[in-house]
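Working notes, structure below.
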Amino acid sequence: MLDLMTPEARANPYPLYAELRQTGIRQVEPGGMWAVSRYDDVVAVMKEPRRFSSAGLGQGFLPPWLSRNPVTESLVMKDPPVHTQLRARVSRAFGPAALAVLEPRIRALSHELAEQLLRQEGPVDFMAHFAQRLPVSVLGLLFGLEPSQYPRLKEWADDLVNLPAGRHSLEEQLRVRENLVSLERCFEELLHARRQSPGADLISELLRPDAGGSALSHDELMSFLFALLPAGIETTVYLLANSMVVLSEHPQERARVLANPSLLPQLLEEVLRFEPPGHSSLRLVTEDTVLSGVHLPRGSIVLVLLASALRDERHFPQAGQFLMERERASHLAFGHGIHYCLGALLARLEARLGLEALFSRLQDFSRASPELHWSPSLIARGPLVLPLQLIPRR
Ligand code: HEM
């Protein structure tokens, strides 16, 4: 069986994805999951939550040594009708009006971080000094946390993201358990404070009843806030980082974007297609079913390979090439259907403002080391460290 978890596969999964697209739907390691790799098949799975469910997929987030984890009750792991109700109640907090309020604050934050990055001497790790800091700070802003708590937010997010893959020692189990309790306590305090005096932040917005007078319950709110940590941080970190990796390997595009930042939205759309931060998602087959001629037994798990669909030649001519001028063929980097990323507008805004602030100070940049070590995850892809040589504008 083809193994997607070998170090070679994680370093460069694209040749394996191409092989999978040749043969169609088939079982792979890890776990004998059914890999769906072609664009049309990916869309078919994501369009049909009744046969391909998102429920029951949270086990990875609830190892036996953890008695509870609110993430497992969040909307990303629910099907209709529960998903529909939850989504309707949280959507407006991520719409254009909410983002317009945030935009000047994200811009100011981006300039501050860009300034700090450029103050570093010699090669600098873009991950630690910029890519990881901006999305954490934006989420901190959204929650209305004090900046002194942002590093803690990063720690909590890392603990949640690492749960499914982790082999935790007893000591680590204890630490993670304590951390999740303290995260819940932090959200409890924020909820209490915003109930007393609402502000212009996400939590106050989520507490407000909708037009029909109904509001999220305490547990629904807690699950949603928990879910924003794994959903909103790592993905956006990798969008920023993958943009720098791709530009470091495409000098002409780099020169064009550095000279003309209005090209940034175009750049980001093609990075999202060519080197997407989210490589896959999972679904549970709810009944014996046939997809593109392949029988999928009830209870099996489908590995939805978004990153493979985004390189499908049937949908994207010259799919293996990075072409900023590409026609806007609808891409799947933010998923498709009812679970389409709630933070897509925010992620695009953050990445654009972050790179705009940075590029306004940069003459050029290059990689300080040709080697890249990619995250070993099957779900999210980005470099673990990214040493860059930055040449500031004079
Ligand atoms: C470049 C950055 C991002 C990427 C590539 C990304 C990708 C995705 C994908 C592929 C899904 C669908 C998952 C599925 O169908 O199983 C999703 C859902 C979701 N994303 Fe994002 N995401 C990003 C940033 C964000 C941000 C910044 C937030 C919020 C702060 C966010 C919040 C969510 C939520 C809440 C869902 C679940 C929606 C639902 O179930 O209805 N994401 N994201």
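The values are calculated or read from the model by the stated rules, or taken from the named source; none is laboratory data. Every value quoted in this text rests on a predicted model; they were computed, and no experiment measured them. So basically every Cβ, Gly included, is an ideal-geometry build from the backbone, and we count neighbours across all protein chains shown. When the accessible area is computed, the model is the full protein with side chains, heavy atoms only, and any ligands, DNA or RNA have been set aside. Shrake-Rupley method; radii C 1.70, N 1.55, O 1.52, S 1.80 Å.
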The range 35-79 and the range 347-394: distance between their alpha carbon centers, rounded to Å: 30 Å
Compactness of the chain as Cα Rg over 2.2 N^0.38 Å, two decimals: 0.98
Debye intensity ratio I(q)/I(0), log10, the range 118-165, q values 0.13, 0.26 Å⁻¹ (C-alpha model): -0.37, -0.96
Solvent exposure of the chain as accessible area per residue, Å², 1.4 Å probe: 45 Å²
Computed [θ] at 222 nm, deg cm²/dmol, the chain (DSSP H ≥ 4; -39,500 (n - 2.57); rounded to nearest 500): -14500 deg cm²/dmol
Environment charge at P198 (Cβ cut-off 11 Å; Lys +1, Arg +1, Asp -1, Glu -1): +1
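Normalised by the residues of the chain, what does the relative contact order come to in percent, with Cα pairs under 8 Å and at least six apart?
That works out to 27 percent.
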L296 long-range amide H proximity, modeled H, under 5 Å: T289, V290, L291
Packing-based ranking, highest mean first, of 189-201, 118-130 given that Cβ atoms within 10 Å are counted: 118-130, 189-201
Those trypsin sites (Lys or Arg not before Pro) in the range 266-362 that DSSP places in a loop and that have at most 15 other beta carbons within 10 Å: R298, R314, R328, R361
Cβ-based net charge around S223, under 14 Å, with every Lys or Arg adding one and every Asp or Glu removing one: -1
Ranked by how many other beta carbons lie within 10 Å on average, peptides 10-17, 211-218 from highest: 10-17, 211-218
The chain - percent of accessible surface contributed by carbon and sulfur, probe 1.4 Å: 55 percent
Cα gyration tensor, the range 26-127 - rounded (a/c under 1.5), prolate or oblate: prolate
Neighbour net charge for S67 - beta-carbon separation under 14 angstrom, K R +1, D E -1: -1
Histogram of C-alpha separations across the range 248-388, 10 Å bin width, %: 10, 32, 36, 14, 6, 1
